[in-house]
1. Given 105, 178, 155, which one is buried (at least 23 other Cβ atoms within 10 Å of the Cβ) and more than 28 Å from residue 8 (Cα to Cα)?
2. State yes or no: is residue 310 touching a helix residue (DSSP H, G or I) at 6+ places or on another chain (Cβ under 9 Å), more than 30 Å from residue 231 (Cα to Cα) and exposed (fewer than 15 other Cβ atoms within 10 Å of the Cβ)?
3. Within the stretch 1-114, considering only helices (runs of 4 or more DSSP H) that don't extend past its boundaries, which have at least 3 residues that are touching a strand residue (DSSP E or B) at 6+ places or on another chain (Cβ under 8 Å)?
4. Which one of these is surrounded by 15 or more Cβ atoms within 10 Å (Cβ to Cβ) and more than 29 Å from residue 119 (Cα to Cα): 296, 325?
5. When residue 329 is evaluated against the numbered criteria (1) over 18 Å from residue 133 (Cα atoms); (2) touching a helix residue (DSSP H, G or I) at 6+ places or on another chain (Cβ under 9 Å), which criterion, by number, is the only one it fails?
6. It is to be established whether one or more residues within the stretch 489-508 are within 27 Å of the chain's Cα centre (by Cα) and under 23 Å from residue 32 (Cα atoms).
7. What helices (runs of 4 or more DSSP H) lie completely within the stretch 279-338 and have 2 or more residues being more than 18 Å from residue 138 (Cα to Cα)?
């Protein structure tokens, strides 16, 4: 089956769209990661810095992601991307959250995927490398169907496979409250939707639908007739996560993986929609190496086919507008025609950029006085100094380019090709990863019918506990118990912090808002998880609470130019009710309206921190 799937080649457009979309989302996450790096890595933010300056590797990571987005030196960029993922998030503990595991798994797979087959600068480099004045090389645009299936299998199906063991052991998930219950806490709400939560049957439908969807996904996602319904449900659920919870990059990131389930024909039709009749006729010297390279570059970016390239040697005499221009002038200067008007030199390139929608800003820039005149001088210099010796039969003949050999037919042994090696590698890799996931997921199963008490059960349990830290760090293979009973059981309080300014006014730190919802510091998944489940928690650890308040206040103070030689913060508590294990109308609104009480204060004096806060669990 794997060999047949490997042999089935389809357009790589969808894979390219995934590459761009996923890398953009990851880049957004890394940019926020960079903003909060002192909070995450410093012993005390900005006051007691980390031993390593993490700003440099994070910027290297962002640079690699930009290269992946543009498809430039993609293989090297994916290696750097994976290494940075392991170094910077693979070993994080108190700030880890669910999307980190997806990053690790997908970034590992990106090392092997042919991401640059379409919509990439690497493809352009290949064209230029193997093309000449007589031959235009077109690298294949097709990829194996496995390139679409394996990321979904590992990045989505495995996640659901493990999480379903947790969900079926959960009281509120099995009662259809899996969507309503966690969303009924104010501190989980990114955009509060109390009106929707008050629709009982809708909430039960979404809860049971999620349970059913995750249960069948692993066994159905690769089937064509199931793909569209699963795609619609999956995108809907994860866009709902983007709306409801302060973990936007998780929601968007999973949606980008779902893009691999979009039928390839959709992407082909979408890119074909913009193709119309050419707007610009570009006349170039067909025997000039530089001109041919220019044509290849412009064609690469002209996805919509708005520019029609014609050689001066064969087509100029057929165009009435060019008949009065000497052939030597046409060969020495690039000419073009648009809407019955002739352009030459730099003006032609301005029209080229103007014809390609996403490059229009460049044409506007080149029209700016001063820039335009400088551009004309640069163009004249290049045109004057380019190699004007044209490649003809008389002076150089025709040398066929050496096209790279098809890897699939490259023989390693007499009856063993590189394709056979790849298929064997894919088989072994998939079997190994499946085995690792099964070993790790063993401990995700709640009741094992007494098997866990046997000697063999103890051995498997120990193996699972030993393997999981390694697979989580390097492959993102781990447990996926998300929004479970034990996260919210007895969670009956919310902690917020305010700063008292010199005038005695209180400024709410952007951690928790007045209604108990997350502030802007918690819009980034890791910081929300840190404050909601490590600093605060359903059972508060006083030491963690004090250290968390210290770190968040120090970080906020530095970002807002607050002097930590003399700063006072008030610790506030909102007592809330734990949602019942049955639907209740108006529950979220009731909790958001609960009053705040001042329970303690934190003082920064001469950059030394002190805090006085009682045992929260006793209040």
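1. 178
2. Working: touching a helix residue (DSSP H, G or I) at 6+ places or on another chain (Cβ under 9 Å): yes; more than 30 Å from residue 231 (Cα to Cα): yes; exposed (fewer than 15 other Cβ atoms within 10 Å of the Cβ): no.
It is false that residue 310 is touching a helix residue (DSSP H, G or I) at 6+ places or on another chain (Cβ under 9 Å), more than 30 Å from residue 231 (Cα to Cα) and exposed (fewer than 15 other Cβ atoms within 10 Å of the Cβ).
3. Numbers: elements: 2-7, 13-35, 37-41, 55-70, 74-88, 98-109.
Output list reads 2-7.
4. Just a single option satisfies the conditions, and that option is 325.
5. Residue 329 satisfies every listed condition except (2).
6. Kept after step one, since they are within 27 Å of the chain's Cα centre (by Cα), are these residues of the stretch 489-508: none.
For the stretch 489-508, residues within 27 Å of the chain's Cα centre (by Cα) and under 23 Å from residue 32 (Cα atoms): absent.
7. Numbers: elements: 289-301, 312-315, 327-332.
The qualifying helices (runs of 4 or more DSSP H) are 312-315, 327-332.
Matching residues to (1) buried (at least 16 other Cβ atoms within 10 Å of the Cβ); (2) out of contact with any strand residue (DSSP E or B) (no Cβ under 8 Å at 6 or more places or on another chain):
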position	(1), (2)
525	yes, yes
530	yes, yes
549	yes, no
562	yes, no
573	yes, no
580	no, yes
586	no, yes
596	yes, no
599	yes, no
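The values are calculated or read from the model by the stated rules, or taken from the named source; none is laboratory data. Source: prediction; values computed, not measured. We place every Cβ from the backbone using ideal geometry, glycine too, and count neighbours over all the protein chains shown.
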